[in-house]
Amino acid sequence: MRLALSIAEQDDAPELAALHNAAADDLTRRYGHGVWSTTATEKGILFRWQHVRVLIARKGKRIVGTLRLQTKKPWAIHVKYFTPVKKAIYLTGMAVIPAMQRKGVGSLLLEEAARQALAWPVEAIRLDAFDTDAGAGGFYARCGFREVGRVIYRRSPLIYFERVLV
């Protein structure tokens with residue numbers, strides 16, 4: 001499978017919103033309604049554009065996967081669980097269209113995220129994943145992220161993961 005990895009442009013926002021919605025709809029269909037069931041909008045995608053680098057994977061002209069790397073710590077993350085480093089970034093908003101899941105798209109995006117992080121430069125990538133059947137904790141562990149804690153945030157069970165790069 002040939003994929004092109006790149007940094008998203010703001011005019012990719014409508015396709016990114018559609019991708020996030022397709023992934024959320026698939027999770028909702030498979031696991032029921034949950035915090036993963038939120039609807040993404042083009043306006044919301046563009047609003048989050050500050051402090052972020054959005055990576056995309058394209059198959060041909062179609063965006064099939066994405067993730068955000070951001071310097072601003074998400075509300076749900078508590079730094080006390082993580083390895084002390086001078087500078088870390090946070091991985092948020094990862095999604096792959098359902099038809100391309102389990103085909104290496106997410107793994108390629110995570111490897112590109114690590115390359116981007118080293119060039120940023122930062123020493124670690126941090127993230128949280130739902131600690132439910134709809135969560136991706138096993139995926140992150142298989143991709144080299146280490147579990148560092150489990151918390152409940154706004155009634156949602158989360159697993160914290162990190163990948164130290166240095």
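At a glance:
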| read-out | value |
| --- | --- |
| Whole-angstrom gap from the range 79-141 to the range 1-73, using each part's C-alpha centre | 14 Å |
| Highest-fluctuation residue, Thr92, Thr66, Thr132 considered, GNM on the chain with Cα pairs under 10 Å | Thr132 |
| Residue-by-residue Karplus 3J(HN,Hα) for the range 73-79, coefficients 6.51, -1.76, 1.60, Hz, glycine and proline x | 5, x, 4, 6, 8, 10, 5 |
| In sequence order, calculated HN-Hα J values of the range 129-139 (Karplus, 6.51, -1.76, 1.60; Hz; x Gly/Pro) | 9, 4, 8, 9, 4, 7, x, 10, x, x, 4 |
| Contact order relative to length of the chain, as percent, for alpha carbon pairs under 8 angstrom and 6 or more apart | 20 percent |
| Chain lengthening between Val85 and Glu9 when straightened (0.36 nm per residue, less Cα-Cα) | 24.4 nm |
| Heavy-atom SASA rank of Trp120, Trp75 (probe 1.4 Å, accessible area, largest first) | Trp75, Trp120 |
| Net length gained if the chain between Phe47 and Arg30 were fully extended (0.36 nm per residue, minus Cα distance) | 3.2 nm |
| Residues whose placed amide H lies under 5 Å from that of Val64, excluding near-sequence neighbours | Ala57, Arg58, Lys59 |
| Amide hydrogen neighbours beyond the local backbone of Met94, cut-off 5 Å, H modeled | Arg68 |
| The chain - share of DSSP beta bridges that are antiparallel (%, nearest 5) | 90 percent |
| Separation in nanometres of the label points that stand 7 Å from Cα toward Cβ, at Ala22 and Arg2 | 2.0 nm |
| Accessible solvent surface per residue of the chain, calculated while the other protein chains remain in place, 1.4 angstrom probe, Å² | 56 Å² |
| Derived scalar couplings ³J(HN,Hα) [the range 6-21; Karplus, 6.51 cos²θ - 1.76 cosθ + 1.60; whole Hz; x for Gly, Pro] | 7, 8, 5, 9, 4, 6, 7, 4, x, 5, 5, 4, 5, 4, 4, 5 |
| Tyr153 long-range amide H proximity, modeled H, under 5 Å | Leu158 |
| Protein accessible area in the range 79-121, 1.4 Å probe - carbon and sulfur % | 56 percent |
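The values are calculated or read from the model by the stated rules, or taken from the named source; none is laboratory data. Since we're looking at a predicted model, the values are computed, not measured. Cβ sites come from the backbone with ideal geometry, for glycine too, and all protein chains shown count toward neighbours. We work out accessible area using only protein heavy atoms, side chains counted, and drop any ligands, DNA or RNA first. Shrake-Rupley method; radii C 1.70, N 1.55, O 1.52, S 1.80 Å.
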